[in-house]
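There's a structure below that I have some questions on.
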Amino acid sequence: MSTARQADAAAGGRLRAPLFFALMAGLIVLEGMTSGWNSALGILNMGLLSAIMALGVNMQWGYAGLFNAGAMGFVALGGLAPVLISMPPTPGAFKAGGFGILAAFAVAAIAVIGAVWLYRTLRGKLRGLAVAAVLIVGFFTFRWLFDPAVDAIEAINPSAAGNLGGLGLPTLVSWPVGALLAAGAAWLVGKIALGLRSDYLAIATLGIAEIVVAVLKNEQWLDRGVLNVNGIPRPWPVPYEIDLQNSHAFVTKMQAWGIDPTLGSTITVKLAFLLLFVIVIFALIWLTEMSLRSPWGRMMRAIRDNEVSAAAMGKNVTRRHLQIFVLGSAVIGLAGAMMISLDGQMTPSSYNPLRYTFIVLVMVIVGGSGSNWGSILGGVLIWYVWVKAGDWGPDMMAILASPFPAGPFKEHMIDSAAHMRMLVMGIILLGVLRFSPRGLLPEK
Amino acid sequence: MDFLNALVAITNYVIIPATAYGAQLALGALGVTLVYSILRFSNFAHGDTMAFGTGVVILITWGFQAMGISFGPLPTALLALPFGIVITSALMLGTDKVVYQYYRKVKAAPVVMVMVSVGVMFIMNALTRFLIGVDQINFADGARFVINARQWREMTGMSEPLTLRSTQVITVVTAILVVWALFWFLGRTRTGKSMRAFSDNEDLALLSGIDPNRVVAVTWIITGALATIAGTLYGLDKSFKAFTYFQLLLPIFASAIVGGIGNPVGAIAGGFVISFSEVGLTYAWKKVVTYLIPNWEPDGLVQLLSTDYKYAVSFTILILVLIFKPTGLFKGKIV
């Protein structure tokens with residue numbers, strides 16, 4: 001069966017990708033004609049961000065067969081970067097509590113390193129006691145330094161700030177920093193969970209994702225928690241709508257083209273983001289395709305296809321897995337940082353595992369595991385379906401419910417239509433896994 | 001120093017809630033561990049299966065309430081539970097036929113099975129939402145307390161209150177009965193023994209004439225029953241919300257792994273390890289400290305960790321077990 005499918009893919013291979021991308025472009029254009037270009041470009045921009053997340057997950061799942069059930073955590077961690085890097089600093093916050101917090105984290109780091117060192121050097125009963133003592137003393141010292149510092153920071157102008165603020169650097173700088181943050185967390189998780197049973201990684205990542213989001217929701221000194229951070233600056237070439245509308249040159253140009261200047265300004269902004277995202281995507285695709293064709297890429301595929309024989313050839317499977325897991329998470333973190341600068345605000349309560357972890361897995365599988373172009377296609381296509389299923393669901397349900405008399409049952413049917421998209425995602429995922437496990441654009 | 005009052009406070013705020021929560025986690029972890037040991041994959045749909053089962057139970061409970069049927073001082077949901085189990089188990093069997101069976105036939109890798117279970121998770125999630133929505137639902141009725149604060153004070157004359165909610169007692173009693181029945185089934189019946197044989201060594205079990213389809217079907221029926229019972233008990237004790245059940249996946253997996261995945265005794269022990277650590281670390285110990293150390297009023301709440309970080313506790317324990325004892329407290333399987 002698989003050989004037949006491979007032959008099939010090879011026959012239609014040359015035309016397959018352009019056809020699917022043309023279809024995708026057609027859907028976006030159709031959306032632009034029917035619901036307006038703002039909506040179409042909005043879907044396309046979020047679709048491209050999802051595609052970058054899918055690229056990252058594809059590196060893990062497609063190249064190495066690692067199941068990351070916590071993409072949400074890395075997206076959220078990446079999203080912290082624009083807050084910490086490109087927001088202006090809160091006046092006085094660092095002086096009030098910054099040093100206390102740094103000192104607290106230094107104590108925590110020393111305690112953990114000390115505990116690890118003791119664990120490695122001591123033997124017998126003494127070891128357990130010494131490690132526990134160091135950790136307990138470390139924890140209470142940490143809290144003793146940390147709590148007053150947090151109170152001091154959160155007391156500063158709580159209605160508008162109450163957090164440390166950022167460094168005031170350009171937003172573009174924060175994107176790679178987001179990738180670094182995610183990579184750091186991925187290294188920690190991977191170091192522990194890789195090399196054990198294959199689904200332990202899935203469960204560990206599921207956990208780290210919940211914890212990252214819990215931290216973002218609750219640590220007000222860091223990112224204002226559920227109070228959200230608003231007004232995160234845009235990356236360098238992207239203008240603000242209000243500046244465009246106030247610019248005489250822009251307004252006259254728009255009027256010359258017969259476009260409403262307000263509409264024109266929102267579309268210009270979206271196009272500017274689109275341009276940035278496309279540049280990032282092409283850079284990532286170029287890098288990943290080059291690396292897949294290099295000896296390193298051959299090694300990764302060899303490991304994925306047969307771990308035992310790759311290990312027998314002297315490849316350190318666990319180390320390579322850690323490497324690809326960290327790289328993939330960095331890409332996911334990058335997408336997270338880009339998403340926050342697109343939104344202009346950080347809302348920790350909006351991170352939902354279905355949206356940011358499991359849909360991204362669907363994107364990768366539908367596009368084709370191991371295929372980078374497939375991830376791009378899957379990212380945009382599935383995001384489009386996800387958004388549109390939210391619109392079509394109620395319409396369809398209204399038709400389905402029309403023969404029933406008005407009453408609680410009919411109301412219940414129409415209310416539940418909003419959940420249609422979950423069902424659609426489940427059916428797509430199971431359908432692709434069952435009938436076309438290599439996805440729309442199979443890996444060559 | 002007031003040792004007795006401290007003991008009462010600990011019992012009231014830590015031991016009783018953690019025991020009930022631990023029993024719920026243990027039942028959830030038993031379901032995960034059973035699927036793992038027979039079907040050999042981590043079932044990501046288990047949280048949503050629990051939500052679905054509970055949703056069905058709630059609907060039937062409402063039906064009974066509308067018909068005026070009640071269970072005296074016990075919650076009506078207990079009457080609805082058997083019906084919920086039947087429906088959920090039937091859904092599990094259906095899912096196996098439509099979805100999982102194919103992957104067993106092609107001998108798919110465990111990690112592919114996990115991905116398939118994510119697909120099932122989406123569908124179960126949607127079904128639950130269609131069925132009952134996303135809102136928080138309280139469906140416990142009947143007597144609320146076995147001992148309430150006033151009765152306790154009259155009984156003992158102590159200033160520190162102690163309450164024992166009926167849902168907590170029901171949880172523990174039901175869990176004990178279910179676990180007893182499960183172990184009796186696995187240890188004494190022919191089908192149960194064939195399941196254990198299948199779990200230990202699939203090839204050998206097949207050679208000795210055990211019907212794999214029967215083993216798998218029975219596993220799904222038991223899993224559906226365990227998920228429904230665990231979900232209903234959790235919902236009675238706290239409240240029902242579909243998303244909370246998805247989030248329970250982490251402590252449940254942690255329980256199963258801490259105990260040793262694939263090992264039923266381990267799943268139960270793991271459930272209690274996780275629940276006691278979670279409740280103990282997030283409880284504000286101020287009251288107990290004030291009782292124990294006279295003439296000293298601590299400044300803060302003496303809470304080691306805010307309750308918002310309760311999932312961090314499961315996670316940390318999970319990580320510690322993965323580092324130091326990847327097979328779990330009781331010997332589990334490693335594939």
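So what is the diffusion coefficient of the protein assembly as shown in µm² per second by Stokes-Einstein at 25 °C and 0.890 mPa s, using a Kirkwood Rh over Cα pairs?
D, rounded to a whole number, is 86 µm²/s.
Please give the calculated 222 nm ellipticity per residue for chain A, where each DSSP H segment of at least 4 residues contributes -39500 (n - 2.57) and the sum is spread over every residue; nearest 500 deg cm²/dmol?
After summing the helix terms and dividing by the residues of chain A, the value is -25000 deg cm²/dmol.
Can you tell me how region B:1-110 classifies by the Cα gyration tensor, rounded, prolate or oblate, using a/c under 1.5 as the rounded cut? Spell out each step's value before the answer.
Details: a/c = 4.52, a/b = 1.41, b/c = 3.21.
Taking the square roots of the gyration eigenvalues as a ≥ b ≥ c, region B:1-110 is oblate.
Sticking with this one: Dimensions of region B:23-248 along principal axes (Cα, Å, largest first)?
65, 38, 32
Rounded to the nearest 0.05, what FRET efficiency is calculated for A:Ala272 and A:Arg293 with R0 set to 41 Å and r the Cβ-Cβ distance?
Result of the calculation: an efficiency of 0.80.
Enter the mean number of other protein chain beta carbons within 10 Å of the beta carbon of each residue in B:110-116, as an integer.
Mean inter-chain Cβ contacts per residue within 10 Å come to 6.
Related question: Could you order peptides A:197-204, B:192-199 by the average number of other Cβ atoms within 10 Å of their residues, highest first?
Final packing ranking: A:197-204, B:192-199.
Can you sort A:His419, B:His46, A:His248 so the residue with the fewest Cβ neighbours within 10 Å comes first?
A:His248, A:His419, B:His46
Taking R0 as 22 Å, what's the FRET efficiency between B:Asp2 and B:Asn148 from their Cβ-Cβ distance, rounded to 0.05?
My answer for the efficiency is 0.50.
Could you give the size of the charge dipole of region B:149-239 about its Cα centre, using +1 on the Cβ of each K and R and -1 on the Cβ of each D and E, expressed in debye and rounded to the nearest 20?
In debye, rounded to 20, region B:149-239 gives about 260.
Apply the Karplus curve 6.51 cos²θ - 1.76 cosθ + 1.60, θ = phi - 60°, to the phi angles in region A:405-416 and return the couplings in whole Hz, x for Gly and Pro.
For region A:405-416, the Karplus curve yields x, 4, x, x, 5, 5, 4, 4, 4, 5, 4, 6 Hz.
Tell me, what HN-Hα J-couplings in whole Hz come from the Karplus equation 6.51 cos²θ - 1.76 cosθ + 1.60 at θ = phi - 60° for each residue of region A:223-231, using x for Gly and Pro?
So the J values, rounded to whole Hz, are 9, 6, x, 6, 6, 6, 9, 10, x.
How shielded is B:125-135 by partner chains, expressed as the average number of their Cβ atoms within 10 Å of its Cβ atoms?
5
Taking the Cβ of each residue in A:Ile340, A:Ile192, A:Ile85, B:Ile323 as the centre, tally the other Cβ atoms inside 10 Å and list the residues starting with the fewest.
In increasing order of surrounding Cβ atoms, one gets B:Ile323, A:Ile192, A:Ile85, A:Ile340.
Moving to a separate point now. Whose amide H sits under 5 Å from the amide H of B:Gly260, counting only residues 5 or more places off or on another chain, with H placed in the peptide plane?
B:Leu329, B:Phe330
In whole Hz, what ³J(HN,Hα) sequence does region A:384-396 give by Karplus (6.51, -1.76, 1.60; θ = phi - 60°), x for Gly and Pro?
4, 4, 4, 5, 6, 4, x, 7, 6, x, x, 4, 5
Now for a different question. Mind checking A:357-366 for the average number of partner chain beta-carbons within 10 Å of each residue's beta-carbon?
Mean shielding count: 2.
Based on DSSP H runs of at least 4 residues, each adding -39500 (n - 2.57), what is the mean residue ellipticity at 222 nm of chain B after dividing by all its residues, to the nearest 500 deg cm²/dmol?
Theoretical 222 nm ellipticity from helices: -22500 deg cm²/dmol.
On to the next question. Enumerate the amide H contacts of B:Ile147 below 5 Å, restricted to partners 5 or more residues apart or on another chain; note that Pro and chain-start residues carry no placed amide H.
It is B:Leu164, by chain and number.
Arranged by the count of other C-beta atoms within 10 angstrom, fewest first, what order do A:Thr205, B:Thr232, B:Thr327, B:Thr167 take?
The most exposed by this proxy come first: B:Thr327, B:Thr167, A:Thr205, B:Thr232.
Here is a follow-up. Give the long-range amide H neighbours of B:Leu74: residues separated by 5 or more places, or on another chain, with amide H under 5 Å away, using H modelled in the peptide plane at 1.01 Å from N.
Sorted by chain and number, the residues that satisfy this are B:Ala143.
Further question: Using the Cα centre as the reference, give the magnitude of the dipole from point charges on the C-beta atoms of region B:23-248 (Lys, Arg: +1; Asp, Glu: -1; all else neutral), rounded to the nearest 20 debye.
240 debye
If you don't mind, there's one more thing I want to ask. Would you work out if chain A is rounded, prolate or oblate? Take a ≥ b ≥ c from the square roots of the eigenvalues of the alpha-carbon gyration tensor; rounded if a/c is under 1.5, else prolate when a/b is larger than b/c, oblate otherwise. Provide the component values of the computation, followed by the final result.
Values: a/c = 1.68, a/b = 1.17, b/c = 1.44.
Oblate is the answer for chain A, as a/c is 1.5 or above yet b/c matches or exceeds a/b.
Also, I was wondering about something else. Between A:Ala302 and B:Lys325, take the C-beta separation as r, use R0 = 35 Å, and let me know the FRET efficiency to the nearest 0.05.
For R0 = 35 Å, the calculated efficiency reads 0.65.
No lab work stands behind these numbers, since they all come straight from the coordinates. These figures come from a predicted structure and were not determined experimentally. Neighbour counts run over all protein chains shown; Cβ positions are idealised from the backbone, glycine included.
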